[in-house]
Amino acid sequence: MLKYLIRRMVLLAMTLVGISAMIFLIVQILPGDAADQILEAWVESEGGAHDQLRAQLGLDRPWYEQYFGWLWDIMHGDLGRSFAMDAPIAPILVERLGFSLRLAIPALLISVMLSIVLGVIAAIRPNSFVDNAITVITLTGVSVPAFVSGSLFILIFAAWLQWLPSTSSLSEGEGFFHWAYVLAMPVAVLTLESLAHLTRITRSSMIEVLKTPYVRTARLKGLPKRLVIYKHALRNAMLPTVTVIAFNIGWMLGGVVLVEQVFSYPGLGSLVLFSIEQRDTPLLQASMFFVAAGYCVANLLADVGYVLLDPRIRYS
Amino acid sequence: MNKAPSPTPAPASASVLEAGATDRPVLTIRDMHISYFARGQEIKAVRGINLTVNAGETLALVGESGSGKSSVAFSTMRGLDAAGRLMHGSIHFHETDLLSLGPRELRSIQGSRIAMVYQDPQTALNPAFRIGEQIAEVVNEHTAASGWQARQRVLDLLDEVNLPDPAGVYLRYPHELSGGQQQRVLIAMAFACNPELLIMDEPTTGLDVTTEAHILDLVAKLKKTHGSAILYITHNLGVVARFCHRVAVMYAGEIVEEGLVSRVFSKPAHPYTRSLLTCIPRLDLSKRDRALNAIEGRLPNLADLPGGCIFAARCNERQDACENTSVTLDPVGDDATDFVRCLRWREMPEFQFDRHTRDVNAMHTATILDTLLEIENLRCYYQLRRGIKEFVTGGAAKYVHAVDDVDLVLARGQTLAIVGESGCGKTTLGRTVVGLQSATAGDLVFEGNQLAGIARAREPDLRRRIQIIFQNPDATLNPQKSVGETIRRPLDLFGLVSAAEQKNRVAELLQSVNLPPSFAQRYPHELSGGEKQRVAIARAFAAEPELIVCDEPLSALDVSVQAAILNLLVDLQKTSKTAYMFISHDLSVVRYLSDQVAVMYMGRLCEIGTPEEVFVPPYHPYTEALLSAISIPDPSIEQEIVRLEGPVPSPINLASGCRFASRCPRKVGEICEREDPPLYQFGDNHRLYCHIPREDLEKMRPVIRYAGEEMAVV
Amino acid sequence: MSETAAVNVGQAAASRVVKPPRLVPKSLIVGGAIVGMFLALAVIGPYITPYPFDKFHFGSRLAPPSADFWWGTDRYGRDIFSRVIHGTSLTVFMAGTGTIIGVSFGLLIGLFSGYVGGWIDEILMRLTDIAMSFPGLLLAMLVVAALGSNEINAVLSIGIVFTPKVARVVRSATLGLRHIQFVEAAEVRGETNSFIIFREILPNIWPPIIVETCIRLSYAVLLVVALSYLGLGAQPPAPDWGLMIAKERAFLVTGPWVVLAPAAAIVSLIIGVNLLGDGMREWLAARKTADE
């Protein structure tokens, strides 16, 4: 197990370097550079101001110096400085991450737990009424983009019923119930989305597992149905679900961008969007790297979970 | 259909009872009909089966694939899968009607009073739970044992099935055990509550012969100690002869013959049973003696059944009446135990196994006249993936020694068989010859040409001259290509015939493998397994090769089909003078087909010679064990009992010494593990690598003999 | 299950009418019909709308649905029905092209990587690992940010996001056939790599590729509308569905139809594609088992 973890950590480190290279490469294609962007408003740019600014931002260095300088800095925890906010990036990212996690973690927990229950219920009696109902609901769930369901929620719960606020602005120091009140809608939107995905996966993998010879063995041992399903089948059916949970985290991160936009919520997603709009290269690079790294770590955790659930690959 | 009263009369009278058996039925199946539903069709897999298993008795249910035997087993357990349905009939366990039980009552019987052992132990065990836990579940569910008692019971069971270190096995996961060990676990699980009825569904299929022999010994022992009745389902008649009392033979969903093993194996009444018994050669038949009795044709379509006798279309004794009269079970002899479903069984000549006794000393030894392929000091090692530790410490890489220093010569137009159990390196050897992988060291010389490692690096003409036939008929043909395209491709690639001639040549090739030319338009999914294998043979012969590597080409086929393919291979060799390198684990087939036999164990040669030399003493101890493990469907043949104990060594980084030393029942001493065994030469060709002194080898007793004789069956 | 398999063995057996399993799943038919309808709208839509998509009707701004304006009008008085219909071709074209790009490149990379193996495979797979470390939408946003916000770049970004994922699926299907006997038989004959890849392997891996393409198509629609919602896809005044929702959101309360109409179009298209994918998977799986 330790060996496996070490190998995965080495691989993770290599992937992170690859990610940084890819982000740097793509961002370098951006038309113009940060200096142009900043000086855009400065109409009568005096001769030399542009070059001076480029030098000040380090943009006159060759690309490899810029890249390895950046890589060196992020390896030391220095994420650079945002042009647009004129502030160090790290604290901003950490604060925004906190906001996003407040959406993502409850959504993930609720959807994982509910999806297992729903997936199993549907799989036990395929093509029954309950299964068909679950299938229709989950199919709709995966077919509605977060910004559509978000808008509908606002229309129904904020505009018509007036139960919940339409924007989710936060202020520190409020109690739990205020948070729950403010976040209820965005969390619900995210939950629905990932719930639909996870339920579909759990259902189909459960149906597959219920057909396997070892489940038949368990049944013909004379074990009660509940043991056959919740012990013998579920444990094996969870394997693909675990992988999809990781995948779902990525999906959710995309969903977070949309949900934050709909509810004007100041999370990581809106920060990325802000940095794109403002052409704030350092902020864009750093926040993208942050998101991708987080996704990698989530994948790693899912793989470790997989290994824990499946003894077959524990020592390989 | 109405509920027909049972047509089978009362069960066995006391005189024909197996030792320890009673005439009290444990299981009574009456008029069972099972159907499967697919693509809107009803496939009538089982039709009107009656079976009785008495307490303490072992009843074999024998049939080839598609006979419906496993459906009978699973429906008896009430465990048919979703596509299958028990349409009609009754199943009684003692006096209990199994079909009328509610889920709770059924569960109290399943796993405790009726237990089952499955065909593929690897998939039958849950990969996610420890062995001990999976057996303890049965004990916990069906007895009042406390946690500690249950654990103790499981440990006793693991010990009873001869698993070494029960406490260790208790904590293992299924994937950490070998196939034979997994099957022992399933057997332990089945015996956990002393079942009155045990259903075994092909429990040794897929296991090596030496492992199979162990499992059968174990079942026989447990049967004695537990007194369970056994319904033993198999396709292997040899296994039936070994330890079953009564046998029912199924064909295409019907029982065609039923009776005592002693009678059925000596005087089989049904033509199908007769063919089954003779279609696979015993060890006394060679291709030079005669062709095999094959069953031509294929299973009837169970969705659209013909009238009359179900076997009529493939029967050599068929008359017009067979095809339009419905055939009922007819009693055989005076005992009320034996039945046959045939109109003409009284008219057929008396059945006899043919006996070929040979004077071993006078037998000619095939000498190699014209060398086709020389394999010299061939080694194939696989490098294992280096772990982190080796990566960090720079430790040496580990190698699996698949083939280790093998020398062989293959003559033009002859058959060289490579025999051994799984993992012995025989397949690797064959793949190296055709160029699917390259050797680590050593030479392959084909008619004086040094062969390059990978096929693509060889000259086109050399490539053409060496072809291969694979094991699995379902994977051997591209499902998206018609038979014609498949056979035409080598003609095209090697430019053998002009484009205009190709069509005729394809038809010719199809005819040479006994398929009608119209098959050129068919696609693989429309063919039976035997037909696919024929197409694969036609594809190999299309290249007009001089050597064909046959990698277990029969092992996935039913015995009746095997015989036909064997006959075909022999005929084709006679006309084309193509040499075969025939890789197999089946000694009877090898005996029949080969001119030279090489026995391999863990990458090394043990013994090589003509079959008449290898299958009689002096033996290599491993050859002796292999011969002892095979099952021969003839109660008049005696076998010496040699069982292999001891661990199979890991094939990684092998040191010197005899590879077989750890399991050898005739181990000489420490020298076996220390030094490579010396070569003994007997006669011109017979080579044997062993430490046993020459005079002791010569004193060995034949393993397989006709009852009461001292001469080896060969 | 065993409980249902053996019930009523006696009396019901004779009278049981066995329903033949559907040869073509219902979801495939329904999904195909929906997708077909959208495809038809994409082609003929612009010719059948009552008004041009960018025609202003200043007298009837934010008008509710009526005989004149079936689905109401937006804040400039443009007919929403006409805009949604016009938008169909944009969305369908963008999603379709993005999918085709991603599937084509992914197919080539996956086949090559899976069959050739070795260090080439190792490098290609590490690259796909890196590309797949970004959540799809964020990678698409990054690419559009680099190339500029417009329709073509949005399509390209979808292709870039999909390529590694399709490559993975195709590679694993290829690996499944890498050592199958008919492929090895071709190797023994000495066939070229391209013959083996395109003539032996490719014809046998269409089922997973078709299923994956359907899945990709539904994600492609999601990405198209999400990117334009975020202002990174089509630009005004294009009648893009995502863009319509983004621009008119302020009037959600006063005139819900401005959002509901394009939302309904988005959701029904994606449901159609998903049904098509589910049905396709079911149908191909049933065909496979029937062949065996």
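Taken together, the values in this text are just the output of simple stated rules run on the coordinates, not laboratory data. On a predicted model such as this, the values are computed, not experimentally measured, just so you know. Glycine gets a Cβ as well: all are built from the backbone with ideal geometry, and neighbour counts include every protein chain shown.
For chain A, dividing the convex hull volume of the Cα atoms by the residue count gives 179 Å³ per residue.
In this label model, A:I6 and B:E350 are separated by 7.6 nm, measuring between points 7 Å along each Cα→Cβ vector. Paramagnetic label reach from B:E638 (point 7 Å along Cα→Cβ; backbone nitrogen cut-off under 17 Å): within segment B:247-281, no residues. Relative contact order for chain A: what is it in percent, counting Cα pairs under 8 Å that are at least 6 residues apart? Relative contact order for chain A comes out at 25 percent. Of all aspartates and glutamates in the structure, the ones whose alpha carbon falls short of 17 Å from that of B:K267, not counting any fewer than 8 places away in one chain, are B:E257, B:E258, B:E317, B:D330, B:D334, B:D335, B:D338, B:E347, B:E350, B:D354, B:D634. Modelled spin labels at A:K211 and A:R235, positioned 7 Å past Cα toward Cβ, are 2.3 nm from each other. Relative intensity of segment A:72-181 on a log10 scale, I(q)/I(0) at q = 0.11, 0.14, 0.24 Å⁻¹, equals -0.64, -0.89, -1.29, per a Debye sum over C-alpha point scatterers of equal strength in the absence of solvent. Partners of B:K426 within straight-line reach, counting aspartates and glutamates whose Cα lies under 12 Å from its Cα and excluding those fewer than 8 residues away in the same chain: B:D404, B:D551, B:E552.
Could you compute the net charge surrounding A:T241? Neighbours are other residues with a C-beta less than 15 Å from the C-beta of A:T241; K and R count +1, D and E count -1.
Value of the local net charge: 0.
For segment B:128-188, take the convex hull of the Cα atoms, compute a quarter of its surface area, and give me that in nm², please.
3.8
The base-10 log of I(q)/I(0) for chain B, evaluated at q = 0.08, 0.11 Å⁻¹, reads -0.70, -1.32 [Debye formula, identical scatterers on Cα atoms, solvent excluded].
When both segment B:102-168 and segment B:70-87 are represented by their alpha-carbon centers, they are found 22 Å apart.
Is the shape of chain C best called rounded, prolate or oblate, per the rule: a/c under 1.5 gives rounded, else a/b larger than b/c gives prolate, else oblate, with a ≥ b ≥ c the square roots of the Cα gyration tensor eigenvalues? Verdict is oblate for chain C. Mean separation of Cα pairs under 8 Å and 6+ residues apart, divided by the residue count of chain C: what relative contact order is that in percent? RCO, chain C: 26 percent. The calculated FRET efficiency for B:D159 paired with A:S128, based on their beta-carbon distance and R0 = 45 Å, is about 0.45. For segment B:643-704, with equal point scatterers placed on the C-alpha atoms only and solvent neglected, what are the log10 I(q)/I(0) values from the Debye formula at q = 0.18, 0.22, 0.25, 0.28 1/Å, to two decimals? Log-scaled intensity ratios, in q order: -0.75, -1.02, -1.18, -1.29. Per-residue ellipticity at 222 nm, computed for the protein assembly as shown from helices alone with -39500 (n - 2.57) per DSSP H run of at least four residues, works out to -15500 deg cm²/dmol. Extending 7 Å from Cα along the Cβ direction at A:V304 and again at B:A82 yields two label points whose distance is 3.7 nm. Per the Kirkwood formula applied to alpha carbons, segment B:371-614 shows a radius of gyration over Rh ratio, Rg over Rh, of 1.00.
Please identify the DSSP H helices in chain A that span no less than 24 Å along the helix axis (Cα) and have a mean Kyte-Doolittle hydropathy of 1.6 or more.
Details: long enough: A:2-29 (41 Å, 1.80); A:89-124 (50 Å, 2.04); A:176-210 (44 Å, 0.99); A:234-262 (38 Å, 1.24); A:281-309 (42 Å, 1.43).
Passing helices, by number: A:2-29, A:89-124.
The distance from the alpha carbon centre of segment B:526-602 to that of segment C:220-287 is 60 Å, rounded to a whole number.
Legend: calculated FRET efficiency, B:R456 to B:Q149, from the Cβ-Cβ distance at R0 = 60 Å, rounded to 0.05, equals 0.40.
Please find the FRET efficiency linking B:T575 to B:A500, where r is the Cβ-Cβ separation and R0 is fixed at 35 Å, and quote it to the nearest 0.05.
Details: r = 25 Å, r/R0 = 0.70.
Efficiency, rounded to the nearest 0.05: 0.90.
Treating only the Cβ of Lys, Arg, Asp and Glu as charged (+1, +1, -1, -1), what charge dipole size does the protein assembly as shown show about its Cα centre? Round to the nearest 20 debye. Please report the intermediate quantities before stating the final value.
Working: 118 positive and 130 negative charges, 445 e Å.
Roughly 2140 debye for the protein assembly as shown.
Once the GluC sites (Glu not before Pro) in DSSP loops with at most 13 neighbouring Cβ atoms within 10 Å are cut out of chain A, the longest remaining piece is A:175-316. Rg and Dmax of segment C:213-274, based on Cα coordinates, read 11.9, 40 Å. Its alpha carbons considered, the protein assembly as shown gives a radius of gyration followed by a Dmax of 36.1, 121 Å.
Given 20 °C and 1.002 mPa s, compute D for segment A:158-316 with the Stokes-Einstein relation, Rh being the Kirkwood radius over Cα pairs; round to the nearest whole µm²/s. Each step should come with its number before you reach the end.
Values: Rh = 18.8 Å.
Translational diffusion coefficient: 114 µm²/s.
Which entries of A:K211/C:K288; B:K532/C:K288; B:K481/C:K165; B:K221/B:K667; B:K287/B:K699; A:K221/B:K221 show an alpha-carbon separation above 20 angstrom in the structure shown? Show your work: numbers first, answer last.
Working: A:K211/C:K288 16 Å; B:K532/C:K288 18 Å; B:K481/C:K165 29 Å; B:K221/B:K667 27 Å; B:K287/B:K699 29 Å; A:K221/B:K221 23 Å.
Beyond 20 Å: B:K481/C:K165; B:K221/B:K667; B:K287/B:K699; A:K221/B:K221.
For the segment B:516-527, counting C-beta atoms of other chains within 10 Å of every residue's C-beta and taking the mean gives 1.
You can think of it this way: the chain between C:F58 and C:Q235 has 61.5 nm of extra reach, that is 0.36 nm per residue less the Cα-Cα gap. For the segment B:418-425, counting C-beta atoms of other chains within 10 Å of every residue's C-beta and taking the mean gives 0.
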